[in-house]
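What follows is a short report on a single structure.
The values are calculated or read from the model by the stated rules, or taken from the named source; none is laboratory data. In this text, all values refer to a predicted model and were calculated from it rather than measured experimentally. Don't worry about glycine lacking a Cβ; one is built from the backbone with ideal geometry, like all the others, and counts go over all protein chains shown.
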Amino acid sequence: MGLFSRRKTKFVDSDVLVIGGGMAGCGATYEARHWGRDLNIVCVEKANIERSGAVAQGLYAINCYMGMQWDENQPEDHVRYARNDLMGLVREDLGYDIARHVDSSVHKFEEWGLPMMKDPETGRYVREGKWQIMIHGESYKPIVAEAARKAATKVYNRIMVTHLLMDKKKENRVAGAVGFNVRTGDFYVFRAKAVIVAAGGASHIYKPRAVGEGMGRTWYAPWSSASAYALPIQVGAKMTQMENRIVLTRFKDGYGPVGAYFLHLKTYTENAFGEEYESTWYENTKELVGDYVDRHPVPTCLRNHAFLEELKAGRGPIRMVTKEAFQDPHKETVGWENFLGMTIGQAVVWASQNIDPKFTNPELTTSEPYVMGSHATCSGAWASGPEDYAPDEYQWGYNRMMTVDGLFGAGDTIGGTAHKFSSGSYTEGRIAAKAAVNYIKDMGKEAPEVSEDEYQQLKKTVFKPMENYEVGRNEIVAGTVSPSYLLPIQGLQRLEKIMDEYVGGISAHYMTNEHLLTRGLELLEMLREDMEHIGAEDLHQLQRAWELNHRLLASESVTHHTMFRKETRWPGYYYRGDHMKLDDNDWHCFTLSQYHQQSGEWELEKAPVYHIVD
Amino acid sequence: MPTFVYMTRCDGCGHCVDICPSDIMHIDKTYRRAVNIEPNMCWECYSCVKACPQNAIDARGYADFAPLGHSVRVLREEEKGTISWKIKFRNGHEKNFESPIRTTKWGTIPSPADLPPPSEEDFKSQELAHEPDVLNIDGGLPALTRDQLKKGVV
Amino acid sequence: MFTSNPFAELSASIAPSVMQTYIVVMIILVALGTIYDVLHKKSAQYFRANMQKSKAEGSKVGGGEKISIAIKTAVVDVAASGEFCNTKRRIAHLLGMYGFVFFALATVVMVFCYPTSDVATPAIWPQLWWLGAAMVCVGGYWFWFFIRADVSAEGGSPFRLMKADLFVLSLLGSATFALVWGYLQAKGHDWTTIAFWLHIIFTTILFGSVPWSKFAHMFFKPAAAFEKRLSVANGTRSNLPAPADQPEQFGSVDHRPRNY
């Protein structure tokens, strides 16, 4: 916004509003058009859907593909795999639903032009592992974005959605959203019949290992600012498993992926003395989790646990033995292209330190915690399951609808659906879109209405950080230190330090307990109060301010959930020092939370886990 | 490694500003050329590097842990459907890679609206667009029954 | 109006020797400004070091090839503004560049060769003067309001000013007020003098602000274009990979609507 221009309010009407243009959002936009030929389908994205989201740099593998056409896997096998990896706690109805559809999404990707690696003899996709297939996916995102652009009525880029709007006529029903244009500063009011939240999960809520420029090298995209959680939480949607944060073992500093290395190149880990160490921690792990240690494959968190224990015992660094595999030129190419198509930064780290895996075994490390819903983890909104088989307790009308009417979710937004990755998130977007179109059809003429009072109030709220800066700036000569406002980066650094020290970050070796969590909540509360005084110098800083706001709300949820679950379910992700063991008697359940905005209270409860009978 | 822009190559076209997922590529006020305004929010996704028509953007590994003297540069050729990489180690060692990025022409993905619409029954079924055909299996879309899901510990 | 020399009429109030001295001073300011800029920023030292590094890493490029590269640079990159890949930007630049050339050349010729009404000015020179100034305005205002990246990509208001605007604004001011002055003088209007002095003020800022504006890039860009072609010829290619040896069969989509 410049001189002489006044901030305009723009209204966008739609039938289906997709918030977030990543994999899930693009899937939802595409599918919504198939079912809603005459509907107004709008996708709104804070960046540019061409490269937005976690798949910006591309992917080298699709990690969720059944291969039903070749009898490679069946959906229930995938459910058991995800259940196993998450120590028993996944929404098996939702997971089966994604697994039965995901193959169709992948086949469409191939049809649209995604280069798949194929076995020249069998013609099948080359498998990296049981669930993963290998692709040349540098342009994975541009390809799915093209399909979404063709399907949408309109795609709005560079508009950050900050809040959802509720129906003024009917309680607990969504009616749209508000946000601002990051380029022009215009205020946007989106009015919709159904809303699909497909935004990003939470990176940058814990202090990362590198704190200078290196802060940017997070494992999960730095622009995943927890909007997937904050938007539903604000309007009282129930969330689940927010304590189930993920810690990843990856290559040092660059956080480059290890999947292709383990599965395709058949590399393995060893400690600083060249010894195999994972099996030496078997008894220790059994003490904590009982028979879960005997599951195959070994759950991700337990592998982390052995890694961490080995480091604490002083036998680090842990290295990936690559020298053998890299002697094979094909494997060497795969090893490097794996990064170039997915995490270019790892290639840069190795080039900068003269690490050639043919001659050196590179170091591994564990990351800081992230909270998201599509990987070996499943935090997110509590959603209704598939109409054809979901148990009554998991079903209240429309697939992937949250506990707020008309509010759907997909991708990292939805909880309980681990191991869906990119293809599963895209598929979940499709599932949510079909359900949203059915919801709209059933609604008939009874469309929701936004409240003018609500959005006028939100307009002031959204731009307040800019006013804080402009006015507060008069107090000081110059510089970043003001007694009356905080810059967004300053708020972010405080948030990351609080979570790191009190809610199980790297400096605490992922350990926490009720005392620490209680103190953490106190400090988060003070940060919440300070959010009234964030100062944004320009529209870019305003975006950062709202990203911080969303991250803080998600962090509060994570902390409450972590306090509520009185056990250590996932050692290697985090530990409750006051409840170190896994407890299937009391805690073989989901945690659910609901935030009440008026009172500021959090309400937590348990929900049952249903398993596919074997 | 965060990105930087070469003075002699950038002509201030704004492609990088349009594409950056982090909103950190902006236009410098003195030269009207591109600049990375927030390297600590740069993921090294190389979207800007690939989007620059002048190859004016490059990356230098994060100073926190990447010594100087390396280079990882890329040429993305949409018309050829290829991406080429040149990696130069600090010690001068070099590696080159080339991969496909697309097997079909850009812009040719059909809208779902161009294909036959679903029937009323289709809306009530569990099938998504193009299913069951595109699953390429016999027997239709797999499903569970309600009694296959039980509460308890497994 | 378009065929009469505005400076001849002006010589009634300002002596030709003053006008000519002013032009010489402007040329000196540009030269000094550029030299100062180069020395102060040590840009020549950087450029030389860069060329030496490229030469050391690359294969030898013969003298003949270097000359052919220089010619290509002059013809394609300089004369045809070939470095711009976007058609609109290229056209706007060509308009501004050739407009400035015609305008400046016509000014110099008229002031030095036909400074008074004593000698008849061939019609071509005033025509080039008007045409040049108009071309600068068309290309310049088009760029100013629509094309420049801080407006088209960043969403900045066209009325927001920054240091990078110094060159293009002073150039536009000089050309615009030249046109206004020429028109008012032909009509014998009272405000002719004001318009003339505004033209002079903007012209002086344009030539005098070289150390702080992007004016000197006019000299740097051809050198950079030559260096870029040379780095392709000697194989270093600025560390970029070589183009893939694959057919161009997938097209490309200009999916660049205004992304906000």
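Could you tell me which numbered condition B:P67 fails, if it satisfies all but one of (1) without any contact (Cβ under 8 Å) to a residue 12 or more places away in the chain; (2) assigned to a loop (DSSP other than H, G, I, E, B)?
Of everything listed in (1) without any contact (Cβ under 8 Å) to a residue 12 or more places away in the chain; (2) assigned to a loop (DSSP other than H, G, I, E, B), B:P67 misses just condition (1).
Are any of the residues in the range A:575-582 away from chain B (no Cβ under 14 Å), closer than 21 Å to A:G380 by Cβ and at pLDDT 95 or above?
no
List every residue pair whose Cβ atoms sit under 7 Å apart, with the two residues 6 or more apart in sequence or on different chains, where the first one lies in the range B:97-121 and is at the interface with chain A (Cβ under 7 Å from one of its Cβ atoms) and of a type in the set (D, E, K, R) and the second, anywhere, is assigned to a helix (DSSP H, G or I) and surrounded by 19 or more Cβ atoms within 10 Å (Cβ to Cβ).
If the second residue must be assigned to a helix (DSSP H, G or I) and surrounded by 19 or more Cβ atoms within 10 Å (Cβ to Cβ), the pairs left are B:R102/A:I143.
Please enumerate the residues belonging to the range A:596-613 that are surrounded by 12 or more Cβ atoms within 10 Å (Cβ to Cβ) and small (G, A, S).
The one that is surrounded by 12 or more Cβ atoms within 10 Å (Cβ to Cβ) and small (G, A, S): A:A607.
Testing A:I159 on (1) more than 14 Å from chain C (Cβ to nearest Cβ); (2) in contact with a Gly (Cβ under 6 Å, 6 or more places away or on another chain), one condition comes back false. Which one is that?
That leaves (1) as the condition not met.
Scan the range C:77-110 for residues that are over 30 Å from C:F196 (Cβ atoms), out of contact with any helix residue (DSSP H, G or I) (no Cβ under 6 Å at 6 or more places or on another chain) and among the polar types (S, T, N, Q) and report the count.
Looking only at that region, the number is 2.
Which residues, counting only those in the range A:1-54, are out of contact with any strand residue (DSSP E or B) (no Cβ under 8 Å at 6 or more places or on another chain) and within 19 Å of A:F180 (Cα to Cα)?
Correct list: A:M1, A:G2, A:L3, A:F4, A:S5, A:R6, A:G22, A:A47, A:N48, A:S52, A:G53.
With A:V613, A:V558 as the choices, which residue is in contact with a strand residue (DSSP E or B) (Cβ under 6 Å, 6 or more places away or on another chain) and within 14 Å of chain B (Cβ to nearest Cβ)?
Exactly one of A:V613, A:V558 is in contact with a strand residue (DSSP E or B) (Cβ under 6 Å, 6 or more places away or on another chain) and within 14 Å of chain B (Cβ to nearest Cβ), namely A:V613.
Please go through (1) within 30 Å of A:D500 (Cα to Cα); (2) within 12 Å of chain B (Cβ to nearest Cβ); (3) touching a residue at least 24 places away in the same chain (Cβ under 8 Å); (4) surrounded by fewer than 24 Cβ atoms within 10 Å (Cβ to Cβ) for A:V349 and return the number of the only condition it doesn't satisfy.
Single failed check for A:V349: (4).
Here are A:A545, A:A554, A:A536, A:A607: which of them is small (G, A, S) and part of a strand (DSSP E or B)?
After ruling out the rest, the residue left standing is A:A607.
A:V334 fails exactly one of the following numbered conditions: (1) within 13 Å of another protein chain (Cβ to nearest Cβ); (2) in contact (Cβ under 8 Å) with a residue 40 or more places away in the chain; (3) over 26 Å from A:N84 (Cβ atoms); (4) surrounded by 24 or more Cβ atoms within 10 Å (Cβ to Cβ). What is the number of that condition?
Here A:V334 clears every test but (4).
Looking at (1) within 23 Å of the chain's Cα centre (by Cα); (2) loosely packed, with under 15 Cβ neighbours inside 10 Å, which one does C:V78 not meet, given that it meets all the others?
C:V78 satisfies all of (1) within 23 Å of the chain's Cα centre (by Cα); (2) loosely packed, with under 15 Cβ neighbours inside 10 Å except (2).
Looking at the structure I just gave you, is A:V106 in contact (Cβ under 8 Å) with a residue 40 or more places away in the chain, part of a helix (DSSP H, G or I) and among the β-branched types (V, I, T)?
So A:V106 passes the test.
Are any of the residues in the range B:53-75 in contact with a Leu (Cβ under 8 Å, 6 or more places away or on another chain), at the interface with chain A (Cβ under 7 Å from one of its Cβ atoms) and surrounded by fewer than 18 Cβ atoms within 10 Å (Cβ to Cβ)?
no
If only one of A:V18, A:V55 is of a type in the set (V, I, T) and either assigned to a loop (DSSP other than H, G, I, E, B) or within 14 Å of chain C (Cβ to nearest Cβ) (or both), which one is it?
Just a single option satisfies the conditions, and that option is A:V55.
Report, by residue number, each residue of the range A:86-121 that is of a type in the set (D, E), crowded, with 24+ Cβ neighbours inside 10 Å and over 20 Å from B:Q148 (Cα atoms).
Selection gives A:D103 alone.
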